[in-house]
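I have a structure I would like to understand better, so I am pasting it below and will then ask my questions one at a time.
The values are calculated or read from the model by the stated rules, or taken from the named source; none is laboratory data. Just so you know, these numbers come straight off a predicted model, no measurement behind them. Reconstructed Cβ throughout: ideal geometry from the backbone, glycine too, with neighbour counts over all protein chains shown. Surface areas here come from the heavy atoms of the whole protein model, side chains and all, with no ligands, DNA or RNA. Shrake-Rupley method; radii C 1.70, N 1.55, O 1.52, S 1.80 Å.
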Amino acid sequence: MMESSHMLLDQVRQAVAAALETLDGVVALSVEHANVAPHLFQPGDDLGSLVLEPRYPLALTVREILKRYPEAHIGVVARGCDERSLVELYNWKQVDPDHVTVIGLACTPEEAAECRCAQPYPTAVAVGEPAESVEDAVLAEFMATKTREERLAFWQRQFAKCMKCYGCRDVCPLCFCEKCAMEEPTWVARGRLPVAFPTFHLIKALHTAGAGKCVECHACELACPADIPLSILYSLLRREVKEGFGYEAGAQRTGNPPVFLSA
Amino acid sequence: MIKSQRLDHGFVEEILAEPGGEHLLTCWSCGTCAATCLVRRYEPAFNPRLVLRRAGLGMREAVLSSAEVWQCSACDACYPRCPKQIHISDVMKAIRNIAIREGYERPGAAARVDTESCIACGLCAAACPYEAIHIEEVASKEVASNGTGKLAAQVDANLCMGCGICNSVCLSSSISVEGISDQVVSQDIAALRRQPARGALAIVCNWCLHATTDWDVAQNPPPGVRVVNVPCSGRVTPTFLTTALMQGYDAVLVVGCKTDECHYKHGNALEQGRAEVVGGLLDLLGLEPERVQFAWIGALDRGRFPALLDKLAADANALAPVHWGDTPGYRGEVPAYPSAATAPRGEG
C-alpha cells in the first residue's frame, strides 16, 4: 500500500512535469511546513512538495486563478469529483473550459470506499487505476430504520451541534457566490446558537445539491467538526433533482446553469 | 375636457398598423373588461375600457404617458368575456411598443441587479419568462489581467413584468424586485403572524383567484390563517417556507395557478418542481407532510380557495409545535429542545 501510493505520487509528479512544458501552471496540493494547501506549480518549480493527501477540492482554486488571469492556460490534478466540479463550474459560467487541462487521477479502492463514491475516477485517467464504484446506502438506510418522529429528533440533535463555522460552505467546490445566503440576516440570526432549524442547513443544501451542483465529493461532511451527517441530506436532494428534473451534477457540459429550484 | 383639435387620428392609424392593435376600433366601451380585470384589485385606477377609448379617440399624449398602458399584465381574464372578442392585452402591447419607440419608459418596479455581488452565472436570464435579462460587462473596479471587466446581469426595464422569478432562482439574491425582495416578503410574513404564536400562513399568487368571492376570502381569511400575496407562486422559495414555520406558523400553504395557466408563463412550473422537492425534504427531516402544502387553482375552481384555507387552519391546529431554534422574528413559546447530551451513542 505504502509503496503503491509512492508510485502513484511519482507518476503524478511526472505527469505534472510533462504538462508544465506547455501549460502556464498546474494546480495541485502542496505541503509546506507540514501544512497542505492548494498550490499553483509553475514551470521550473520543484515538484517535491506536491502531494495527494489529505484530499481537498481544487476546482475553486482554478476559478480564482482564471478569474484574475483569464488568458492563462492551466492544468489541474483532478480526481473524479474535482472533474465533475469543474464541469459544473463550466455550466455555471465560472470557468472557461478552453483554459483548463485536466490531469486525471483515479482514486484508490480505499479512498473510494471512504467517500462512498459512485464514480471515483475522472473521464480520462492519466494516473492510477479506476476503482470500482461504491454504493452510498446511507440515505436508504436512514429512511428504512427510523420512524418519522425519530428522524425529526435526529436532525434537531444533529443541527443543534452546528457551531456555525461555515466549514461546509468554505470547503465546497461549488459554493462560489460573492454574497452568501447563509450570512443573510433575513434568514440567519447573527451570533446566535443553536442555528435555526432547519433553514440554515437547508440553504446550504438547496443552494448546492438543490441547484444541481452537488457532485458528491463529501468534502462538506469530512470538513464538519461536529460530524453532522450532511451527506444524507445531500443524497436526498441529488436524488430529487435526478428523478424530478433529470439532472445529474457534473455529468454533462451544457454551458448553462440548470433552472429548477434555487432558494 | 377632451378638445377635438387635440386629437390625433394618426395615432389611431399607428395602433391599427401595429401587430396586435388591429381590433382597437371594434371596442364598444361596454366595460366588461374592466369588470373582470384582475389588475384592478391592486390598481383600482386601472381601467382597460378607458385606455382603449382614449386610444381610439387619438389621445396620443394622454395614452402614451399614462401608467395604465404598462399595468395590464396580460392575464387575459377579459379576453373570453369581451363581446367583441378583442384581445385587449395585445392592443395594450401594441400601444406599449409605440410608447417604447417614442422613448417612454415603463414606470414602477423592474428587477434591479446588485452588480457587486452578481457572479454572472446567467441563471436569472435563463429563468426570466420575458428574456428581459442579459449578461453584460459593467463598470467595476474588478479588472482581469487582460483588461476584461466584470460581467453582471442587466435588466431591460421595458420587458420586465416584475414577477420576481429571477430573484427566486438567484442563489445570492443579487437580483430583486422592489416590494417583493426577500426582506420585504419575509417581513410581511413575520409581521402578519398571529398572536398567540400558533397559526397558519397562506402565500397566494396574485392571479389564481379569479372569483371575487374567493378574493374576498383572501382579504378576510378565517381565524388563525394569514394571507400574503406574491405576484407569482414561482417567487416562493423553500427558504420562505421554512422561515415561516420557524416564525411560528404551524402550517404553510402555497397557492399558485394550474399547469399551463401561469400568468408569467412558467413560474408555477418552477414552484411545482419545488413542491416535489420540499415534500421529499419534509419526509427526510421527519416533519409532517401537512406542514407545507401546495395547491394549484384555475379559473374554474370557484369556491375551492375558502375550503383550502379551512383545511389549512384545521391542519395547523392538529400539528404539534416544533422547536425551530433561534430564528429572526421568532416570538413564540419555545418547546423543549432534545439535548445533544441525551442523544443515543453513535448519533453524537
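How many Å² of accessible area per residue for region A:137-245, probe 1.4 Å? Don't skip to the end; give the middle numbers.
Working: 3960 Å² over 109 residues.
Here the residues of region A:137-245 average 36 Å² of exposed surface.
At the nearest 100 Å², what buried accessible area, both sides summed, do you get for A and B when the probe is 1.4 Å?
Working: alone 13990 and 17950 Å², together 26810 Å².
When A and B are taken together, about 5100 Å² of accessible area is lost.
Further, regarding this structure: At a Förster distance of 60 Å, what's the computed FRET efficiency of B:Ala67 paired with A:Lys164, Cβ-Cβ distance as r, to 0.05?
Efficiency for this residue pair is about 0.85.
For a quick check of understanding: with a 1.4 angstrom probe and all protein chains in place, what accessible area in square angstrom does B:Met161 have, to the nearest ten?
Approximately 40 Å² for this residue.
Here's a follow-up. Give me the percent of DSSP beta bridges within chain B that run antiparallel, rounded to the nearest 5.
Close to 35 percent.
Then there is this: Given a 10 angstrom Cα cut-off, can you work out which residue in B:Ile100, B:Ile189, B:Ile175 is the most mobile in a GNM of chain B?
B:Ile100
Distances longer than 19 Å among the Cα atoms of region A:137-245: what percent of all pairs is that?
Across region A:137-245, Cα pairs with separations above 19 Å total 44 percent.
Now a separate question. Counting only other chains, what is the mean number of Cβ atoms within 10 angstrom of the Cβ of each residue in peptide A:210-221?
1
Taking all pairs of different Cα atoms in the protein assembly as shown, averaging 1/r and flipping that mean, what Kirkwood radius in angstroms comes out?
So the Kirkwood estimate lands at 26.9 Å.
In region B:142-165, which residues give up 20 Å² or more of accessible area once the other protein chains are added, compared with their chain alone (1.4 Å probe)?
Output list: B:Glu142, B:Ala144, B:Ser145, B:Asn146.
Tally up the carbon and sulfur contribution to the accessible surface of region B:111-177 as a whole percent, 1.4 Å probe, everything protein left in place.
Exposed carbon and sulfur together represent 49 percent of the surface.
A further question follows. Given bins 5 angstrom wide, list per bin the percent of all Cα-Cα distances in chain A, short to long.
Taking all Cα pairs of chain A, the binned fractions are 1, 6, 12, 17, 18, 16, 13, 9, 5, 2, 1, 0, 0 percent.
Highest mean first, how do B:247-255, A:25-33 rank when packing is the count of other Cβ atoms within 10 Å averaged over residues?
Descending mean neighbour count gives B:247-255, A:25-33.
Quick check: at a probe of 1.4 Å, how many percent of the accessible area of region B:182-326 sits on carbon and sulfur atoms?
Carbon and sulfur atoms account for 52 percent of the accessible area of region B:182-326.
Just how large is the dipole of region B:182-326 about the Cα centre, in debye to the nearest 20, putting +1 at every Lys and Arg Cβ and -1 at every Asp and Glu Cβ?
Working: 12 positive and 16 negative charges, 44 e Å.
Here the size comes out at about 200 debye.
May I ask for the net charge around B:Cys33, where only other residues with Cβ less than 13 Å from the Cβ of B:Cys33 are counted and Lys, Arg are +1 while Asp, Glu are -1?
The answer is +2.
Over region A:2-115, with the other protein chains present, what is the accessible area per residue in square angstrom, probe 1.4 angstrom?
Dividing the accessible area of region A:2-115 by its residue count gives 46 Å².
With just the Cα atoms defining each centre, how far is region A:6-29 from region A:185-211? Give it in Å.
39 Å
Related question: Mind checking B:84-97 for the average number of partner chain beta-carbons within 10 Å of each residue's beta-carbon?
0
Same structure again: In region B:225-253, what residues drop by 50 Å² or more in accessible surface going from the chain by itself to the full protein assembly, probe 1.4 Å?
Residues shielded by partner chains are B:Thr239, B:Thr242.
For B:Lys3, A:Lys179, give me the order by solvent-accessible area with a 1.4 Å probe, most accessible first, ignoring ligands, DNA and RNA.
These residues rank, largest area first, as B:Lys3, A:Lys179.
Starting from region A:89-154, pick out the trypsin sites (Lys or Arg not before Pro) whose DSSP state is loop and whose Cβ has at most 16 other Cβ atoms within 10 Å. Walk me through the numbers on the way to the answer.
Working: sites: A:Lys93, A:Arg116, A:Lys146, A:Arg148, A:Arg151; in loops: A:Lys93, A:Arg116, A:Lys146.
Taking region A:89-154 and a limit of 16 other Cβ atoms within 10 Å, the loop trypsin sites (Lys or Arg not before Pro) found are A:Lys146.
Okay, moving on. Quick one: ranking A:Ser49, A:Ser85 by accessible area, 1.4 Å probe, largest first, what do you get?
Ranked list, largest accessible area first: A:Ser49, A:Ser85.
Okay, next question. Is there a pair in A:Lys93/A:Lys242; A:Lys67/A:Lys179; A:Lys179/A:Lys204; A:Lys93/B:Lys93; A:Lys161/B:Lys311 whose C-alpha atoms are over 24 Å apart, and which pairs would that be?
Result: A:Lys93/B:Lys93; A:Lys161/B:Lys311 exceed 24 Å.
Enumerate the calculated ³J(HN,Hα) couplings along region B:140-153 in order (Karplus 6.51 cos²θ - 1.76 cosθ + 1.60, θ = phi - 60°), each rounded to whole Hz, writing x wherever the residue is Gly or Pro.
6, 6, 6, 10, 7, 4, 9, x, 6, x, 7, 9, 7, 6
As a test of the formula, what do you get for chain B when each DSSP H run with n ≥ 4 contributes -39,500 (n - 2.57) and the sum is divided by the residue count, at 222 nm and rounded to the nearest 500 deg cm²/dmol? Display every interim value, and only then the final one.
Values: 13 runs with 118 residues, N = 348.
So the calculated ellipticity at 222 nm is -9500 deg cm²/dmol.
When the solvent-accessible surface of protein heavy atoms is calculated with a 1.4 angstrom probe, in what order do B:Ser65, B:Ser29 fall, highest first?
Reading off the accessible areas and sorting them downward yields B:Ser65, B:Ser29.
Mind checking the per residue accessible area of chain B for me, 1.4 Å probe, whole number of Å²? Don't skip to the end; give the middle numbers.
Values: 15290 Å² over 348 residues.
That works out to 44 Å² per residue.
Which Cys in chain A stand alone, with every other cysteine's Cβ at 4.7 Å or more from theirs?
A:Cys107, A:Cys162, A:Cys165, A:Cys177, A:Cys180, A:Cys214, A:Cys224
Report in % the part of the accessible area of chain A that belongs to carbon and sulfur, leaving out ligands and nucleic acids; probe 1.4 Å.
51 percent
Within 10 Å of each Cβ in B:279-289, how many Cβ atoms from other chains are there, averaged over the peptide?
6
Please express the Cα-Cα pair-distance distribution P(r) of region B:182-326 as a list of whole percents, one per 10 Å bin, running from 0 to the bin with the greatest distance.
Going from the shortest bin to the longest, the percentages are 12, 45, 37, 6, 0.
Go ahead and estimate [θ] at 222 nm for chain A from helices alone: -39,500 (n - 2.57) per DSSP H run with n ≥ 4, summed, over the residue count, rounded to 500. Don't jump to the answer; show the numbers that get you there.
Working: 10 runs with 104 residues, N = 263.
Computed mean residue ellipticity for chain A: -12000 deg cm²/dmol.
Sorting check: for A:59-72, B:256-269, B:33-46, which peptide has the highest mean count of neighbouring beta carbons within 10 Å, and how do the rest follow?
By packing density, highest mean first, the sequence is B:256-269, A:59-72, B:33-46.
What are the membrane-span-like helices in chain A by this rule: whole DSSP H runs, Cα extent along the axis at least 24 Å, mean Kyte-Doolittle hydropathy at least 1.0?
Taking the DSSP H segments of chain A (at least 24 Å long, mean hydropathy at least 1.0), we get none.
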